[in-house]
Amino acid sequence: MVKAGSTGELSCKFFAFLPVMLSEAQRIKRFEALAREYGADLFRYAMWMCGNEALARDLVQETFLRAWKALHRLQNEKAAKSWLITILRREYARTFERKVPPIANLDTVSEPESGEPGPDEQAEVRLLRAGIASLAEKYREPLLMQVVLGYSCQEIAAELGISKNAVMTQLFRARQQLKENLGKDGTTGDVHGLY
């Protein structure tokens, strides 16, 4: 749109609506800052979703690859974590479209190295993961977002597109179901303070 100014010169307002293009160096710097800040959170969330370290690393790598390609679409830096989590969740869903994840052989037992959790701790983690995995996605996803990523109820509501009250209800029900599922054996206590 071209307008005549008060002094008679023409001014162009068309370019005011176009996003500012980043130089390649600025783009790389912006991407590296995102990777440093959110890489560990993405990996932790991916591990909780899939329970497989190799797959979790692949998911995070694919997430960052897609983020790099679409970096120009990230308008608000405050929304970066949610944006990356959304990419990660969609990438995880794509793994089921492409291939069936391999089933681990439960008969193989590995010798824990020093510094690794012992058998009791590993069993507790397996029980907790299985309990969380057995929850319906409606309950599992908000619980993981709160416990693993540290999201507030408001942030979870924004990410999932539901009300804060619905998130609070889903979190309560998730904890109740988890407590019931883990308590069926009569020996499980308050696992990691989740309930």
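The values are calculated or read from the model by the stated rules, or taken from the named source; none is laboratory data. Predicted model, so just to flag it, every value in this text is computed and none were measured. Every residue, glycine among them, receives a Cβ derived from its backbone with ideal geometry; neighbour counts consider all protein chains shown.
The residue list 36, 44, 30 contains one member that is surrounded by fewer than 14 Cβ atoms within 10 Å (Cβ to Cβ) and in a helix (DSSP H, G or I), which is 36. Of all residues in segment 156-182, exactly one satisfies the criterion of being at pLDDT 90 or above, surrounded by fewer than 16 Cβ atoms within 10 Å (Cβ to Cβ) and either touching a Phe, Trp or Tyr at 6+ places or on another chain (Cβ under 6 Å) or charged (D, E, K, R) (or both), namely 164. Checking residue 185 against (1) modelled with pLDDT under 70; (2) over 21 Å from residue 51 (Cα atoms); (3) surrounded by 11 or more Cβ atoms within 10 Å (Cβ to Cβ), which test does it fail? Checking residue 185 against (1) modelled with pLDDT under 70; (2) over 21 Å from residue 51 (Cα atoms); (3) surrounded by 11 or more Cβ atoms within 10 Å (Cβ to Cβ), the one that fails is (3).
Of the numbered criteria (1) under 17 Å from residue 42 (Cβ atoms); (2) of a type outside the set (A, V, I, L, M); (3) touching a helix residue (DSSP H, G or I) at 6+ places or on another chain (Cβ under 7 Å), the one residue 150 fails is (3). Contact map, segment 17-41: residues that are over 17 Å from residue 82 (Cα atoms) paired with residues that are hydrophobic (A, V, I, L, M, F, W, C) and modelled with pLDDT under 90, Cβ distance under 7 Å, separation 6+ or inter-chain. Pairs shown: 27/71. Could you look through segment 131-180, keep only residues that are of a type in the set (Val, Ile, Thr) and part of a helix (DSSP H, G or I), and pick out the one that is nearest to residue 80 (Cα to Cα)? Restricting to residues being of a type in the set (Val, Ile, Thr) and part of a helix (DSSP H, G or I), the top hit is 156.
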